[in-house]
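Asks: One structure, as structure tokens, below. Some questions next.
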Amino acid sequence: MNYTERRIVESYTGLFEGLSTLSKMELIKKLSRSLTIENNTKEDDFYKSYGAFPSEKSAEEIIKDIKDSRKFRNKEIKF
């Protein structure tokens, strides 16, 4: 945990001191649930991104299309 994260945790801890036991337990439950959801979601998103650019063209054709679509203009700069 880096310094910034530690400071954030300390700040939130101060807020939680005024909560009831039941509220703290609910908070723990929601934080625990968010940890499992976050890990699964990140991994799922990674695997879903594979093949996210559907195209029948080969990589070389796509590169050629990109390079061909570039437009350059000559502009004289006066000092």
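Asks: For the stretch 43-56, indicate whether the set of residues that are surrounded by 10 or more Cβ atoms within 10 Å (Cβ to Cβ) and modelled with pLDDT of 90 or more is non-empty.
Replies: There is no residue in the stretch 43-56 that is surrounded by 10 or more Cβ atoms within 10 Å (Cβ to Cβ) and modelled with pLDDT of 90 or more.
Asks: Among I62, I37, I66, which is surrounded by 10 or more Cβ atoms within 10 Å (Cβ to Cβ) and modelled with pLDDT of 90 or more?
Replies: On the way: I37 fails: modelled with pLDDT of 90 or more; I66 fails: surrounded by 10 or more Cβ atoms within 10 Å (Cβ to Cβ).
None of the others qualify; the one that does is I62.
The values are calculated or read from the model by the stated rules, or taken from the named source; none is laboratory data. Model, not experiment: these values are computed from the prediction. Reconstructed Cβ throughout: ideal geometry from the backbone, glycine too, with neighbour counts over all protein chains shown.
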